[in-house]
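Q: Shown below is the structure under consideration.
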Amino acid sequence: MTENSHARILIVEDDAGIVLPLKKTLQAASYDVLTAASGKSALSMIQSHCPDCILLDLGLPDMDGGEIIKSVRGWTQTPIIVLSARGTENDKANALDMGADDYLTKPFGSVELLARIRTALRHTRTSAENEELALTDMYRVDGLLVDYKKMRAYINERDAGLTPQEFRIVGLLGRHPGRVLTYKMMLRELWGPASGMDNKILRVHMASIRRKIEENPNEPHYIFTEVGVGYRMAEPQA
Ligand code: CA
């Protein structure tokens, strides 16, 4: 059984000019494809057809995308990938904070689309987000090794010399490889909801982390910036 076989993807999008090529791409990759052009029909299809992954346009004619995410999260953890326009970083961050798993900014290429879907589907298939991590309490991608027991990160087998705060940031991202963590999620997780910390502290730490783990901090290989939204840890290529 190949990874894609029979996985069912629901496209929720009212723009036929986007739905048609998207559908073709997904069918060519052996996915079963369902489509809905409104929020109302999306909700009823999600309940009746139980898709494995939902691609959700935030700009639907009848319902706010956030309402749909909230409603779906009331009964299922089915991965939701939001399709959004450029310049809507706030909407994307809100969608993630409300329970979406990821987002794609239009226009996106088919390679990127299929990679994101594979990541989303993988997360539903393993209880931990990363099997090696679950077994060894380590996260590894290329030359980066995050050792949760020792609370150290190694780059090409050498201790990267992260401070405890820096390790917590890298460690948090390493527990969710391939996923965007919003600033809000990270601040809440690292310093608590009432800490009053803002994004600036993350940016300052990240600059220092990158000097320690990235060959070229301006073109990161391990931790990517999602502009205006948050950060994403690289995951091993399948
Ligand atoms: Ca739309």
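The values are calculated or read from the model by the stated rules, or taken from the named source; none is laboratory data. Please read all numbers here as calculations on a predicted model, not as lab measurements. So basically every Cβ, Gly included, is an ideal-geometry build from the backbone, and we count neighbours across all protein chains shown. Accessible surface areas use protein heavy atoms only, side chains included; no ligands, DNA or RNA. Shrake-Rupley method; radii C 1.70, N 1.55, O 1.52, S 1.80 Å.
Q: Pairs of Cα atoms under 8 Å, at least six residues apart: use those to get the relative contact order of segment 8-123, whole percent.
A: Taking the mean separation of contacting Cα pairs over the length of segment 8-123, I get 23 percent.
Q: Counting only C-alpha contacts under 8 Å and six or more residues apart, can you give the relative contact order of segment 137-233 as a whole percent?
A: For segment 137-233, the relative contact order is 25 percent.
Q: Could you grab the relative contact order for the chain? Cα pairs under 8 Å, six or more apart, rounded to a whole percent.
A: With pairs under 8 Å counted, the relative contact order is 13 percent.
Q: Relative to the compact-globule scaling 2.2 N^0.38 Å, provide the ratio for the alpha-carbon radius of gyration of segment 141-238.
A: Normalised Rg, Cα atoms only: 1.01.
Q: Helix-derived [θ] at 222 nm for the chain: sum -39500 (n - 2.57) over DSSP H runs of at least 4, divide by residue count, nearest 500?
A: -12500 deg cm²/dmol
Q: So, one more: Expressed in nm to one decimal, what extension gain is obtained for the pair Ser38 and Ser71 from 0.36 nm per residue of sequence separation less their Cα-Cα distance?
A: Working it through step by step, the gained length comes to 10.4 nm.
Q: Another question, then. Can you pull out the GluC sites (Glu not before Pro) in segment 170-238 whose DSSP state is coil and whose Cβ has at most 14 other Cβ atoms within 10 Å?
A: Glu215
Q: With every protein chain left in place, what is the accessible area per residue of the chain in square angstrom, probe 1.4 Å?
A: 51 Å²
Q: Okay, moving on. Mind grabbing the accessible area of Ser41 for me, 1.4 Å probe, Å², rounded to tens?
A: 40 Å²
Q: Based on the alpha-carbon gyration tensor of segment 8-123 and its eigenvalue square roots a ≥ b ≥ c, which shape applies: rounded if a/c is under 1.5, prolate if not and a/b is larger than b/c, or oblate?
A: Note, shape of segment 8-123 comes out rounded.
Q: Follow-up. Rg to Rh ratio, the chain, alpha-carbon atoms and Kirkwood radius?
A: Taking Rg over the Kirkwood Rh, I get 0.98.
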